[in-house]
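In what follows, a single structure is set out as structure tokens and then discussed.
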Amino acid sequence: AGEDEDEPEPPEKPYDRADFLADTHLTEESADELLALLGPHSKQQVVFYGPPGTGKTYVARHLAKLLTGLAEPPPERLTIVQFHPAYAYEEFIEGIRPKAESRDGQQWMEYPVRPGTFVRFCRRAAQLGDAPCVFIIDEINRGNIPRIFGELMLLLEYRDLRVPLPYS
């Protein structure tokens with residue numbers, strides 16, 4: 001093969017129920033309960049709670065692999081963010097962020113609206129059609145939830161509504 005030829009992409013390694021059970025050491029009943037909580041007849045969201053160091057994030061990551069069916073889901077299929085006290089709407093949803101630019105030897109400042117982590121994830125996920133995508137928020141209790149979610153707090157409970165974003 002010549003240097004200019006593209007190497008074929010290695011096939012995506014699947015991840016199934018047996019892998020999930022082996023990796024997490026959960027019982028089949030616990031796995032079934034988690035999958036039912038995230039099934040099509042639910043709100044398709046779950047919050048893990050408990051003392052630090054008990055494996056909540058570990059289980060969430062492996063559950064995401066099971067839901068996507070991939071041992072190494074790409075970022076458009078699985079994104080993980082960690083909340084902290086300074087995290088805000090502008091980083092998570094969208095916001096006006098300054099952008100310095102040099103033109104003709106002068107400095108210019110612009111203030112474009114830029115999508116945040118969640119909006120970028122949702123846009124990429126929408127392009128994938130029916131492929132399952134998972135968004136994990138780690139340490140949700142450390143963030144200021146109203147400050148981060150803004151008007152989207154409403155959608156956590158009422159997913160059938162549409163809410164306009166203030167900037168876009």
Just checking, does the range 111-129 include any residue being among the aromatic types (Phe, Trp, Tyr) and under 25 Å from Met153 (Cβ atoms)? yes
Taking the options Thr54, Thr24, name whichever one is surrounded by 18 or more Cβ atoms within 10 Å (Cβ to Cβ) and either at pLDDT below 95 or over 15 Å from the mean Cα position of the chain (by Cα) (or both). Thr24
So which helices (runs of 4 or more DSSP H) stay within the range 108-168 end to end and still have 3 or more residues that are modelled with pLDDT under 90? 153-157
Can we say Thr79 is surrounded by 10 or more Cβ atoms within 10 Å (Cβ to Cβ), hydroxyl-bearing (Ser, Thr, Tyr) and within 21 Å of Leu35 (Cα to Cα)? yes
Test set (1) farther than 20 Å from Arg147 by Cβ; (2) assigned to a loop (DSSP other than H, G, I, E, B); (3) open to solvent by 30 Å² or more (accessible area, probe 1.4 Å) - Pro73 fails condition number: (3)
Scanning for something among the aromatic types (Phe, Trp, Tyr), closer than 21 Å to Leu156 by Cβ and in contact with an Asp or Glu (Cβ under 8 Å, 6 or more places away or on another chain), does the range 66-87 turn up at least one residue? yes
Failed condition for Arg123, given (1) buried (at least 17 other Cβ atoms within 10 Å of the Cβ); (2) under 13 Å from the mean Cα position of the chain (by Cα); (3) over 30 Å from Thr24 (Cβ atoms); (4) not hydroxyl-bearing (Ser, Thr, Tyr), with all others met? (1)
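If you take the residues of the range 82-107 that are assigned to a strand (DSSP E or B) and acidic (Asp, Glu), which of them is surrounded by the most Cβ atoms within 10 Å (Cβ to Cβ)?
Glu94
The values are calculated or read from the model by the stated rules, or taken from the named source; none is laboratory data. The structure presented is a predicted model; accordingly, all values stated were derived computationally and were not measured. Heads up, the Cβs are rebuilt from the backbone with ideal geometry, glycines too, and the neighbour counts pull from every protein chain shown. Areas reflect the complete protein model, heavy atoms only, side chains present, ligands, DNA and RNA absent. Shrake-Rupley method; radii C 1.70, N 1.55, O 1.52, S 1.80 Å.
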